[in-house]
Amino acid sequence: MANKIRVGDEAPDFTLKSASGQKISLSDYIGEKNIVLYFYPKDNTPGCIKEACAFRDNYEVFKEMGAEVIGVSSDSPETHQEFVKKKNLPFILLSDETNKVRKLFGVKSTLGLIAGRVTYIIDKKGFVRHIFSSQFQPTKHIDEAKIVLKKLQDK
């Protein structure tokens, strides 16, 4: 993918609809918080449930570290709304139905079939500080994010 984002790059801004139908932009958080932006394949699938629930269970820790968690998949806002309600998710889920943002970040599919599972840690200034990609270790995304956010806090 030509647009593959790398560590050190400025994160490209985008605007997508949230589960509530509200339009949310990445730039809404730049200058305010560090961002844990995670792309995942699909709501209500086993790996994605594990990942979302692990982010939920650690959400207060992320907030204490000055970070906002934002999940992105190609599911509709309505599907996200059901997922949020069913799993009691306190963070933002955004709907990238055309995969425009996934392509913008260069998130590849696994085996050409499954939408990629990639987490980007973006600092308050809008720069990508870490990228972690693992389709089959969904909860490791949470551990990786905490390690990087701790380093950002210590600076």
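The values are calculated or read from the model by the stated rules, or taken from the named source; none is laboratory data. It should be emphasised that the depicted structure is a prediction, and the values quoted were computed from it without experimental measurement. So basically every Cβ, Gly included, is an ideal-geometry build from the backbone, and we count neighbours across all protein chains shown. Accessible surface is based on the protein model in full, side chains and every heavy atom, while ligands, DNA and RNA are left aside. Shrake-Rupley method; radii C 1.70, N 1.55, O 1.52, S 1.80 Å.
Observations
- Considering residues of region 1-37 that are under 19 Å from Leu89 (Cβ atoms) and of a type in the set (Gly, Ala, Ser) only, the residue surrounded by the most Cβ atoms within 10 Å (Cβ to Cβ): Ala19
- Annotation note: Cβ proximity below 7 Å between a residue of region 37-51 that is within 16 Å of Thr79 (Cβ to Cβ) and a residue that is assigned to a helix (DSSP H, G or I) and open to solvent by 40 Å² or more (accessible area, probe 1.4 Å) (sequence gap 6+ or interchain) occurs for Asp43/Thr79; Ile49/Lys87.
- Number of positions in region 119-128 that are under 14 Å from the mean Cα position of the chain (by Cα) and either open to solvent by 10 Å² or more (accessible area, probe 1.4 Å) or hydroxyl-bearing (Ser, Thr, Tyr) (or both): 3
- All told, Glu68 falls short of being of a type in the set (Asp, Glu) and surrounded by fewer than 15 Cβ atoms within 10 Å (Cβ to Cβ).
- Restricting region 129-155 to residues that are touching a residue at least 60 places away in the same chain (Cβ under 8 Å) and among the β-branched types (Val, Ile, Thr), the residue that is least open to solvent (accessible area, probe 1.4 Å) is Ile142.
- On the stretch given as region 92-102, residues that are under 19 Å from Arg6 (Cα atoms) and surrounded by fewer than 15 Cβ atoms within 10 Å (Cβ to Cβ) total 1.
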